[in-house]
Amino acid sequence: LQNSQVNNKKGCFKMNIVEKIASIEDMSSCVGASDEQIMEAEKALGLKFSDDYSACLRAFGLAAVNGHELTGLGKTSYLDVVDVTETERKNNTQISGNLYVIEKTNIDGIWQDMSGIIYTAEPGCNIKKVCDSLSEYIDL
């Protein structure tokens with residue numbers, strides 16, 4: 001799992017992405033997704049999710065954290081990673097097939113690849129790297 005260093009009174013310790021999101025006060029989530037649901041979504045998109053994103057799907061299904069409405073797996077189609085990614089791929093043909101949308105913000109899509117790197121892209125524009133992990137992204 002993707003880890004994040006967090007300071008406490010005794011020093012630093014490692015916290016995985018699920019623990020980090022769960023510890024944030026400004027967080028709400030749904031029911032976690034099953035491994036079968038995750039594999040079906042990956043198959044539908046023709047890719048593998050990053051380890052940190054898969055862990056979040058298992059734990060939360062969908063999550064809103066620190067002002068970010070993350071895509072996921074659940075009954076909300078406007079946040080469903082498969083629906084949103086397929087729509088955004090049609091809107092921006094420059095996007096590689098190994099990327100999936102983790103958040104839809106106005107006209108920008110926030111994308112992640114299997115290694116966990118986060119990108120942004122507007123329709124018709126090239127992608128730009130935003131940060132190295134989902135953990136970094138939710139801190140923005």
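Worth pointing out:
- Taking label points 7 Å from Cα along the Cα-to-Cβ direction, Cys30 and Thr105 give a separation of 2.2 nm.
- A viscosity of 0.692 mPa s and a temperature of 37 °C, combined with the Kirkwood radius over C-alpha pairs in the Stokes-Einstein formula, give the chain a diffusion coefficient of 217 µm²/s.
- Solvent-accessible surface of protein heavy atoms, probed at 1.4 angstrom with all chains present, puts Arg89, Arg58 in the order Arg58, Arg89, largest first.
- Solvent-accessible heavy-atom area per residue, rounded to whole Å², over the range 46-118 at 1.4 Å: 43
- Out-of-range pairs (alpha-carbon distance over 22 Å; input Lys43/Lys128; Lys20/Lys43; Lys20/Lys75; Lys43/Lys129; Lys75/Lys104): Lys43/Lys128; Lys20/Lys43; Lys20/Lys75; Lys43/Lys129
The values are calculated or read from the model by the stated rules, or taken from the named source; none is laboratory data. Bear in mind the structure is a predicted one, so any value in this text is a computation, not a measurement. Every residue, glycine as well, gets a Cβ built from its backbone with ideal geometry; the counts of neighbours run over all protein chains shown. SASA here: full protein model, heavy atoms, side chains in, ligands and nucleic acids out. Shrake-Rupley method; radii C 1.70, N 1.55, O 1.52, S 1.80 Å.
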